[in-house]
Amino acid sequence: MQELAVEIQDLRYRYRGEKVPALKGIDLVINRGEFIVLMGASEAGKSTLVASLNGLIPHYHRGRMKGEVQVLGRNTKDFTVAQMAEIVGLVFQDFEAQLFSTNVELEVAFGPENFAVPREEIARRIDESLAYVGLEAFRHRSPSTLSGGQKQKLAIASVLAMHPQVLAMDEPTTDLDPISKYGIFQITDQLRKRDDITLIVVEHETEEVLHADRIALFDNGELVKVGPTRDILQDVDLLASHSVMPLGIPRFFKSMGFEKADLPLTVEEGLQAFQKAQWRISTEKYEALVAREQEALAHLQEPLIQCHGLTHTYPNGVQALKGIDLEIMKGDMVAIVGQNGSGKTTLAKHFNALLMPTEGEVLVHGEPTEKQGVFKIGQTVGYVFQNPDHQIFSETVFDEVSFSLRIRKMPEKEIKERVEEALVAVGLEGMEDADPFSMTKSGRQRVAVASVLAARPEVLILDEPTTGLDYSEQRGLMDMVRKLNEEGSTIIFVTHHMWVVAEYARRVYVIKDGRIFLQGTTREVFSHEDALKEAFLRPPHFVQFSNRLGKTLLTPEEMLSCMA
Amino acid sequence: METELYLDYNTVIHRLDPRTKLILFLYAFIGLVLYEHPLWMLPIAILILLQTALARAWINLWRLRYLLFLLTVWSLVLWNLFVAGDTPLFLFVSKESLLFSIARTMLVLLMIIAGVNLISTTRNEELVLGLIKFGLPYRVGFALSTSLRLVPTTADSLQTIAQAQRSRGLDLESGNVLERLRKWLPLLIPVFITTIRSTNIFGMALESKGFGARPDRTFYLQTEMHTIDWVLLILGGIITVTAVYLNILGYGSIPGLHRF
C-alpha cells in the first residue's frame with residue numbers, strides 16, 4: 001500500500017486571460033489518512049489547488065500548468081477528471097449548484113451510477129452514506145426542500161458514496177450557521193478516524209480547524225508555511241498577516257506576555273492557563289465597562305423602525321414570521337442572527353418594504369411601510385443583498401453606483417458628488433471607471449454597498465455582508481460599516497459570523513422559528529450560551545472562555561482592559 | 001420557493017411506467033388534434049381530467065390558473081380571425097368559427113393539462129429514463145433533464161434580483177414599452193451572469209462525480225411495465241385508433257367552416 005496520498009511538485013498555474021499566475025510553484029506532500037486544512041487570503045490559490053487534485057486543472061479549466069500532481073500514484077495529466085473522480089471526491093462551497101437530482105436518494109446514487117456500480121451495491125451505499133451524515137429520514141425528499149446545512153451534508157454523502165480515498169472540500173461551511181458548521185466538522189472528524197481516507201479542506205474559520213493534523217497557509221499563489229495545527233495556530237502574527245483570523249484565546253495570552261509555544265488554544269486550555277497564572281478580572285473595571293455601554297445606548301431614543309405583531313405567511317402557506325415586536329433606534333448598530341431558514345432575511349426585507357406584513361405592521365419613521373412602498377422607503381432604508389452579483393449590471397463602477405440616483409432624476413453634478421462620496425466611504429476612491437465584473441468578490445461587495453450608500457439612506461441593511469470574504473476583507477468591510485454608524489447611520493446586519501457580532505454589533509436579535517428568541521445588548525445575548533445553542537448558535541471561543549470566567553467579555557482587548 | 005411541479009404522492013398514475021405515461025400523452029395529442037368539433041373531443045377530455053383526478057394534480061392546475069385563464073380568453077377570441085363560417089353571429093365571429101375556437105382552446109388547455117399530469121407524476125429522472133429506454137442517448141437525456149432543472153433555479157434568482165433592483169428604486173411598471181424593455185437590463189444581466197457562474201460550478205461538480213466515466217452506466221431508478229401499464233396502453237391504443245378511423249370516415253368536422 002502506498003504511504004503518500006498526494007504529491008505536488010512545483011505546481012504552477014495561470015488561468016487563461018489572467019496576467020498573474022494563481023499558483024506559483026507549490027510543493028506539498030500529503031500522507032495517507034491525514035487531515036490537512038488549507039487556509040489563507042482570498043485569491044491565494046487554495047481553490048485552484050483543490051481543483052488540480054482531481055484533474056479539473058488542467059482538463060476542465062483553460063490555462064497553463066507546469067509541474068506535477070500525483071494522487072495515489074495517478075498523475076492528473078494522464079487521467080481524465082472522470083477517472084480521477086474514482087479516487088478523489090470533491091465537495092464545493094456552493095451547495096445549490098452541485099445537486100442535480102430531484103430526490104435525495106437519487107442524488108447519492110448519481111456518482112456510483114456513473115461508475116457502473118451494480119444496483120444492489122448502490123442501494124447499500126445510499127443507506128451507508130445517508131446514515132453517515134444523518135440524513136436517513138430525508139431519503140425521499142427533494143433536495144430543494146432541505147436547509148442549507150442539510151444540502152451540504154447531502155453533497156458530502158453523494159461524494160462519499162463513490163468511496164473516494166481522498167476527499168477534498170472547498171469551503172464547505174461558508175454559508176452555514178454555527179451549529180450546522182459544527183455538524184459538518186463533526187462529519188469530517190468522524191471521517192478522519194476512518195484511517196483510509198485523506199481529508200483536504202479549505203476553511204476560513206479558525207475555530208473549526210482545531211482537529212486537523214496540519215495547516216497549510218497560502219498567500220498570493222504561494223505556500224507560506226505548512227506545519228502541525230498547533231504550531232500554526234499559535235503563530236498569531238503570521239496568521240493575521242496572511243488574512244486568517246487568529247483565535248481570540250491565544251491572542252489574549254500573547255498580549256499577557258506568554259511565549260508562543262505556551263499559548264493555549266482551546267477554551268479548556270485557556271481556563272487552565274488563566275487559573276495557573278492566578279489572574280483575576282476586576283469586577284469594578286467590568287462593571288464600569290458595562291455601565292459605559294449602557295449609557296451610550298441610553299442616548300439612542302428615537303425609534304426609526306418599529307414592528308408590531310409582524311407576521312408573514314408566504315403564498316405557499318409557510319409562516320416565516322410569527323408575531324415579531326421590535327423597535328430599532330436611530331443610530332444603533334443591530335445584528336440579526338439565527339439558524340439557516342429561521343426567518344431573519346424575511347424580517348430584514350420587511351424593513352424596506354420589499355415584503356409586506358400579512359398581519360401586524362411595520363413602521364418606518366412612524367408611518368406604515370404599506371403606505372410608503374419600496375420606492376419611497378428606498379431613500380430612507382438601503383438594502384445590500386447578500387450576493388453582489390444579484391445587482392451589478394453596469395460596465396463601470398460609476399454607472400453602477402449612480403443607478404438609483406439616475407432613476408430619481410438627480411442633477412448630473414450632484415450625482416457626481418454623491419458617487420464620489422460613496423466610493424470614498426467604501427474605500428474605492430478614484431475607481432469610477434473600473435469594470436465591476438472584473439473586481440474580486442470583496443471589491444464587488446464594496447461596489448454594491450456604495451451603490452446603496454449613494455442614495456444617502458438613514459438606515460443601511462446588510463444581508464450576510466462578510467460571507468465569502470477573508471478575514472482582512474471582513475474586517476475592512478465591517479470597519480467601514482462601523483464608521484458609517486459613528487457618522488450617524490443606523491446599521492442592521494444579518495450574519496452567521498459570530499465574531500463579527502461580538503466585535504461590531506451593539507444590540508442583537510436572535511430569531512428562531514419566526515419569533516424573537518433572545519434580544520439585548522451583544523454582551524447580554526452572548527452571556528446566554530445555553531439558550532443560544534437552542535437557536536443553533538454559539539458565541540466565539542473567546543466569549544465562551546470569558547463566560548466560564550464569570551464575565552462576558554467580547555474581545556481580548558476588552559478582557560485586557562478589565563484585568564485586575 | 002416552490003417552483004417544482006412534481007408532486008411526491010404515490011397514486012396509481014405515479015406508479016405507472018414513464019414510458020406508459022409518455023405514450024398516453026402522445027395518444028391524447030393524436031386523439032385531440034384530429035377533430036374540429038368540440039363535442040367529439042369530449043370523451044378524451046374526460047379521460048385526461050380523470051387522469052388528473054387520479055394523480056391528485058389539481059393543485060398544479062390551480063397554480064397555473066392565471067396562465068390557463070389568459071390562454072382561454074386569448075385563444076377563444078383569436079381563432080375566430082383565422083377561420084370563417086356560413087352562419088355569422090357578430091363582428092368577425094360566426095357559429096362555425098366559434099365552435100372551432102372552442103375546439104382549439106380545448107386542444108391547448110387539454111394538452112397543457114395532460115403535460116401537467118405527466119410532470120406532476122413523473123420525476124425528472126424517470127422521464128429521462130423513459131426517453132432513454134425509447135432509444136435517446138444518455139447524454140442527450142441528461143442535458144434535457146438539466147435544462148428542465150435550470151428553469152426553477154433561474155426563476156428563483158430572477159426573483160431575488162428583481163427584489164435587489166427594486167430596493168434600489170427600479171420601477172418596472174411605469175413608462176412606455178421601450179422604456180420598460182430598457183428597465184429589464186438591470187435584471188437580465190445579473191441573471192445571465194449568475195446563471196453562467198452556477199452552470200460553471202455545475203459542470204465541475206458533474207465531472208467530479210465521474211459523469212461519462214464508463215461507456216455503460218447503472219440506473220438506480222428502475223422502471224418496469226406492469227399489467228396495468230399494458231392494459232392502459234392497449235385501451236388507449238384502441239381509443240386512439242377508433243378516433244383516427246372515425247375521423248377518416250369524416251366525423252367530427254364542422255360543416256360550413258372555411259379555413260384560410
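The values are calculated or read from the model by the stated rules, or taken from the named source; none is laboratory data. Small disclaimer: the values here were computed from a predicted structure and weren't measured. When we count neighbours, we look across all protein chains shown, and the Cβ atoms used for this are built from the backbone with ideal geometry, even at glycine. The area values use the complete protein model at the heavy-atom level, side chains included, leaving out ligands, DNA and RNA. Shrake-Rupley method; radii C 1.70, N 1.55, O 1.52, S 1.80 Å.
Normalised radius of gyration for segment A:437-479, please: alpha carbon Rg relative to 2.2 N^0.38 Å, two decimal places.
Working: Rg = 10.7 Å, N = 43, 2.2 N^0.38 = 9.2 Å.
Cα-based Rg divided by the globular estimate yields 1.16.
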Taking each residue of A:214-223 in turn, how many C-beta atoms of other protein chains fall within 10 Å of its C-beta, and what is the average? 0
Histogram of C-alpha separations across segment B:1-47, 10 Å bin width, %: 21, 37, 31, 11, 0
Just to be sure I understand: if you take the accessible area of chain B alone plus chain A alone and subtract the pair, with a 1.4 Å probe, what total do you get in Å², rounded to 100? 5100
If you put +1 on each Lys and Arg Cβ and -1 on each Asp and Glu Cβ, how big is the dipole of chain A around its Cα centre, in Debye rounded to 20? 200
Sequence ranges A:171-177, B:146-152, ranked by mean other-Cβ count within 10 angstrom, highest first: A:171-177, B:146-152
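Nearest 0.05, what FRET efficiency do B:Met225 and B:Ala53 give at R0 = 25 Å with Cβ-Cβ as r?
Values: r = 24 Å, r/R0 = 0.94.
According to the calculation, E is roughly 0.60.
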For A:Leu462, distant residues with modelled amide H under 5 Å away: A:Val384, A:Ile492, A:Phe493, A:Val494
Taking a 26 Å limit on the Cα-Cα distance, which of the listed pairs A:Lys254/A:Lys483; A:Lys344/A:Lys533; A:Lys413/B:Lys183 fall beyond it? A:Lys254/A:Lys483
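When the helix-only estimate is applied to chain A (DSSP H runs of n ≥ 4, each -39,500 (n - 2.57), divided by the residue count), what is the mean residue ellipticity at 222 nm, nearest 500 deg cm²/dmol? Show your work: numbers first, answer last.
Working: 22 runs with 217 residues, N = 564.
It comes out at -11000 deg cm²/dmol, rounded to the nearest 500.
Need one number: convex hull volume per residue for chain A, Cα atoms only, in Å³. Mind dumping the intermediate values first?
Details: hull volume 89.0 nm³, N = 564.
It comes to 158 Å³ per residue, whole-number rounded.
Taking K and R as +1 and D and E as -1, what net charge do the other residues with C-beta under 11 Å from the C-beta of A:Phe185 add up to? Mind dumping the intermediate values first?
Values: positive: A:Lys181, A:Arg192; negative: A:Asp189, A:Glu203, A:Glu205, A:Glu207, A:Glu208.
Its environment carries a net charge of -3.
Considering only DSSP states other than H, G, I, E and B, which chymotrypsin sites (Phe, Trp or Tyr not before Pro) in segment A:244-309 qualify as loop sites with at most 15 other Cβ atoms within 10 Å? Each step should come with its number before you reach the end.
Numbers: sites: A:Phe252, A:Phe253, A:Phe258, A:Phe274, A:Trp279, A:Tyr286; in loops: A:Phe258, A:Trp279.
Sites meeting the loop and neighbour criteria: A:Trp279.
Based on the alpha-carbon gyration tensor of segment A:4-246, what equivalent-ellipsoid semi-axes (square roots of 5 times the eigenvalues) come out, in whole Å, largest first? Write out the running numbers ahead of the final one.
Working: eigenvalues 163, 91, 52 Å².
In descending order the semi-axes read 29, 21, 16 Å.
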So the compactness index of chain B, its C-alpha Rg divided by 2.2 N^0.38 Å, takes the value 1.24
Determine, for each peptide in A:424-430, A:205-211, the mean count of other beta carbons within 10 angstrom over its residues, then list the peptides with the highest first. A:205-211, A:424-430
Pop out the ³J(HN,Hα) list for segment A:128-134 in order, Karplus 6.51 cos²θ - 1.76 cosθ + 1.60 with θ = phi - 60°, rounded to Hz; leave Gly and Pro as x. 4, 5, 5, 5, 4, 9, x
Could you tell me which trypsin sites (Lys or Arg not before Pro) in segment A:58-108 are loop residues by DSSP with no more than 10 other beta carbons within 10 angstrom of their beta carbon? A:Arg62
For segment A:471-548, run through the GluC sites (Glu not before Pro) and keep only the ones in DSSP coil with at most 11 other Cβ atoms within 10 Å of their Cβ. A:Glu487
Find the relative contact order for chain A and round it to a whole percent, using C-alpha pairs within less than 8 Å whose residues are 6+ positions apart. 14
Keeping the other protein chains in place, figure out the carbon and sulfur percent of the accessible area of chain B, with a 1.4 Å probe. 71
With n ≥ 4 as the cut-off for DSSP H runs, can you work out [θ] at 222 nm for chain B, using -39500 (n - 2.57) per run divided by the number of residues, rounded to the nearest 500? -23000 deg cm²/dmol
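Determine the share of chain A's accessible area contributed by carbon and sulfur atoms, expressed in whole percent, with a 1.4 angstrom probe. Could the numbers behind the result be given before it?
Values: 10080 of 21600 Å².
Summing carbon and sulfur atoms, their accessible area is 47 percent of the total for chain A.
Which helices of chain B meet both criteria: a Cα extent of 15 Å or more along the helical axis and a mean Kyte-Doolittle score no lower than 0.0, with helices taken as whole DSSP H segments?
Numbers: long enough: B:18-33 (23 Å, 1.46); B:38-55 (25 Å, 1.96); B:65-82 (26 Å, 1.56); B:95-121 (39 Å, 1.47); B:138-166 (42 Å, 0.07); B:185-208 (34 Å, 1.16); B:227-248 (31 Å, 1.82).
Taking the DSSP H segments of chain B (at least 15 Å long, mean hydropathy at least 0.0), we get B:18-33, B:38-55, B:65-82, B:95-121, B:138-166, B:185-208, B:227-248.
Can you give the accessible area per residue of chain A, in Å², using a 1.4 Å probe?
Working: 21600 Å² over 564 residues.
Solvent-accessible surface per residue comes out at 38 Å².
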Number of partner chain Cβ atoms within 10 Å, mean per residue of A:105-115: 5
Under 16 Å from the Cα of A:Lys376, which lysines turn up, not counting those fewer than eight places away in the same chain? A:Lys349, A:Lys409
Along the charge dipole of segment A:4-246, which of A:Met162, A:Thr145, A:Gly134 sits closest to the positive end, that is, farthest toward it, with unit charges on the beta carbon of Lys, Arg, Asp and Glu (+1, +1, -1, -1)? A:Met162
Using only the Cα atoms, what convex hull volume per residue in Å³ does segment B:114-201 have? 145
Local electrostatic count at B:Arg166 - Lys and Arg +1, Asp and Glu -1, tallied over other residues with Cβ under 13 Å: +2
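Quickly rank A:396-402, B:224-230, B:79-85 as a protection proxy: mean count of other C-beta atoms within 10 Å, highest first. Mind dumping the intermediate values first?
Working: A:396-402: 22.4, B:224-230: 12.0, B:79-85: 17.3.
The densest-packed peptide leads the list: A:396-402, B:79-85, B:224-230.
For peptide A:120-127, what's the mean number of Cβ atoms from other chains within 10 Å of each residue's Cβ? Write out the running numbers ahead of the final one.
Values: counts 0, 1, 3, 1, 0, 1, 1, 0.
Shielding by partners across A:120-127 averages 1.
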